[in-house]
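The structure under discussion appears below in the form of structure tokens.
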Amino acid sequence: MFALYILPFLVVALVLLLGFCRAQHHDSESLREELEQLQETIRQREKERDSALQELFLRFSEDGKLNKEKSQFQAKLAEYEKYAALTQLALGAAHEINNPLLGILSHLELELNNAPPEGRHEIEQCIEAARRISVTLRSLMNYARPSPLILSKLNLHRLVAETLAFLQHQPMLHGRILENRVPTDLPNIRVDANQLSQVLMNLLLNAAQATPEGGRITVFAERLRSGDSVEIRIVDTGCGIPPDVLPHVFEPFFTTKRGKGTGLGLSISQTYVRSHEGEIQVESAPNCGTTVTITLPLRQPEAAHVEGAKSSEVIIQ
Ligand SMILES: Nc1ncnc2c1ncn2[C@@H]1O[C@H](COP(=O)(O)OP(=O)(O)OP(=O)(O)O)[C@@H](O)[C@H]1O
Ligand SMILES: [Mg+2]
């Protein structure tokens, strides 16, 4: 009987307990989900923090690189400014030395005319030395401040033929074969004839000085496929240039001909070629000869005519 009374309470209590347990279970489920979401958010934030740190680090290193480049650039600029000031100074000095030197030279030439035979040799030596100094000074002035271009149409085959004919009689070319392989039908090029002939002379003299008897010096030329430029090649079978010397050959005053060269031939040639918007390159290997390649545009950009120039001549500053 007692059990009959207590049973409904027990059932109610059981139902309540079950309900409570389910509610508890539901609560813990949602808590677990919330926890998982929280953990996911934390992971996300950590990722974001890591990538922000990485970005910051990258910016720092880029900043460092930029600062380094900036200071390198400033150092180069300061060097160029110093170089420009020195060039001006050297130009001024060269000019001031050259003028009185020419006076001394003409005085020495007068002296030579009146000198007794036994005193002539010394005066001739003085004249020779003074001339050499004057030529070096003029080369230096030309290198530092090349004169403006005086352009005219020029037949390259003829210019090479004339230069080779002049050199043929020089003792240093005895026993060497000189060849002009410039096609006679190559279109005329518009250049400063004086500058181009100086370039050719410098390159041919270098080739002659490097080529022993029995060797060959050849000048080739062709119109390039692009049609608007020509390539000139001066090829010799001489001693060639060692790999450690090759990178320096265009530096002013760089020479391996102790006492016999000023080291200005190639640097002046480069200045002249560049002032025609052209390129000059040297390829060489010891004992295999040297090839100097010049690329020149057939035409030069239009510019104003100058007073004193012939009607076909144009000057470019
Ligand atoms: N064809 C060549 N064969 C071998 N060496 C060469 C040739 N051309 C140039 N060189 C090397 O390059 C150097 C620089 O040449 P560059 O013409 O400027 O001066 P240089 O000939 O020494 O003196 P300069 O031309 O003033 O009389 C030469 O001293 C030489 O070592
Ligand atoms: Mg030379």
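The values are calculated or read from the model by the stated rules, or taken from the named source; none is laboratory data. Computed from a predicted structure; not experimentally measured. Please note: Cβ atoms are built from the backbone with ideal geometry, for glycine as well, and neighbour counts cover all protein chains shown.
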- Task: Scan segment 216-234 and give yes if some residue there is within 21 Å of SER269 (Cα to Cα) and in contact with a Cys (Cβ under 9 Å, 6 or more places away or on another chain), otherwise no.
- Result: no
- Task: For segment 135-155, indicate whether the set of residues that are out of contact with any helix residue (DSSP H, G or I) (no Cβ under 6 Å at 6 or more places or on another chain), assigned by TED's automatic domain parsing to the domain that holds ALA84, at pLDDT below 85 and among the aliphatic types (A, V, I, L, M) is non-empty.
- Result: yes
- Among the residues of segment 209-221, write down those that are surrounded by fewer than 21 Cβ atoms within 10 Å (Cβ to Cβ) and more than 17 Å from GLU279 (Cα to Cα). GLN209, ALA210, PRO212, GLU213, GLY214, GLY215, ARG216, THR218
- Please go through segment 167-207 and pick out each residue that is within 16 Å of ligand 2 (Cβ to nearest atom) and surrounded by fewer than 14 Cβ atoms within 10 Å (Cβ to Cβ). GLN170, MET172
- Message: If the requirement is being under 27 Å from HIS276 (Cα atoms), part of a helix (DSSP H, G or I) and modelled with pLDDT of 95 or more, which of these qualifies: ASN206, ASN180, ASN194?
- Response: ASN206
- Check segment 237-247 and report whether any residue there is acidic (Asp, Glu), away from ligand 2 (no atom under 16 Å from the Cβ) and over 22 Å from the mean Cα position of the chain (by Cα). no
- Out of all the residues in segment 92-122, which are under 13 Å from SER134 (Cα atoms) and among the hydrophobic types (A, V, I, L, M, F, W, C)? ALA93, ALA94, ILE97, LEU101, LEU102, ILE104, LEU105
- Message: Being more than 7 Å from ligand 1 (Cβ to nearest atom) and at pLDDT below 95: is that true of PRO243 here?
- Response: no
- Query: From the set of residues in segment 239-286 that are charged (D, E, K, R) and part of a loop (DSSP other than H, G, I, E, B), which is nearest to ARG190 (Cα to Cα)?
  - Reply: GLU277
